[in-house]
């Protein structure tokens, strides 16, 4: 039997920024997989009648729903920008450590900025 130390507590491991961006890309993709059908169903409901449209419109005016929309937009923008980063890295662009770290930070900054711009428009 091996005498190597075993650390099963993932909260004590310090992941590099590149790993965090990659893991968050997967999480945002899963979140989008769950939420997009809900938004499509709501949009289909809004097309049924004028009353249904105004019901959906009044629900979207609620601040909590606006926060949920912002979370959806953040996941969407994050997944898009991180996906472009992954595609570029698959093509051999920015695979070295320094450019990979820079692009990881850029993914986070761009996602937050795009979400902030949409948040200004939404409120």
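Please treat every number below as a calculation from the coordinates, not as lab data. Keep in mind the model is a prediction, meaning the values are calculated, not measured. Positions of Cβ are backbone-derived with ideal geometry, glycine not excepted, and every protein chain shown enters the neighbour counts.
Computed quantities for the displayed model
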read-out: Computed over the chain: relative contact order in percent, which uses C-alpha pairs under 8 Å that are six or more apart; value: 32 percent
read-out: For the chain, calculated [θ]222 nm from helices alone, where every DSSP H run of n ≥ 4 adds -39500 (n - 2.57); value: -27000 deg cm²/dmol
read-out: Inter-label distance, nm, simple model (7 Å from Cα along the C-beta direction), residue 108/residue 42; value: 2.8 nm
read-out: Between helix 17-46 and the chain: long-axis angle, C-alpha atoms, 0 to 90°, nearest 10; value: 20 degrees
read-out: Cα centroid separation, segment 1-56 to segment 99-123 (Å); value: 17 Å
read-out: Cα-derived Rg over Rh, computed across segment 16-122 with Rh taken as Kirkwood radius; value: 1.10
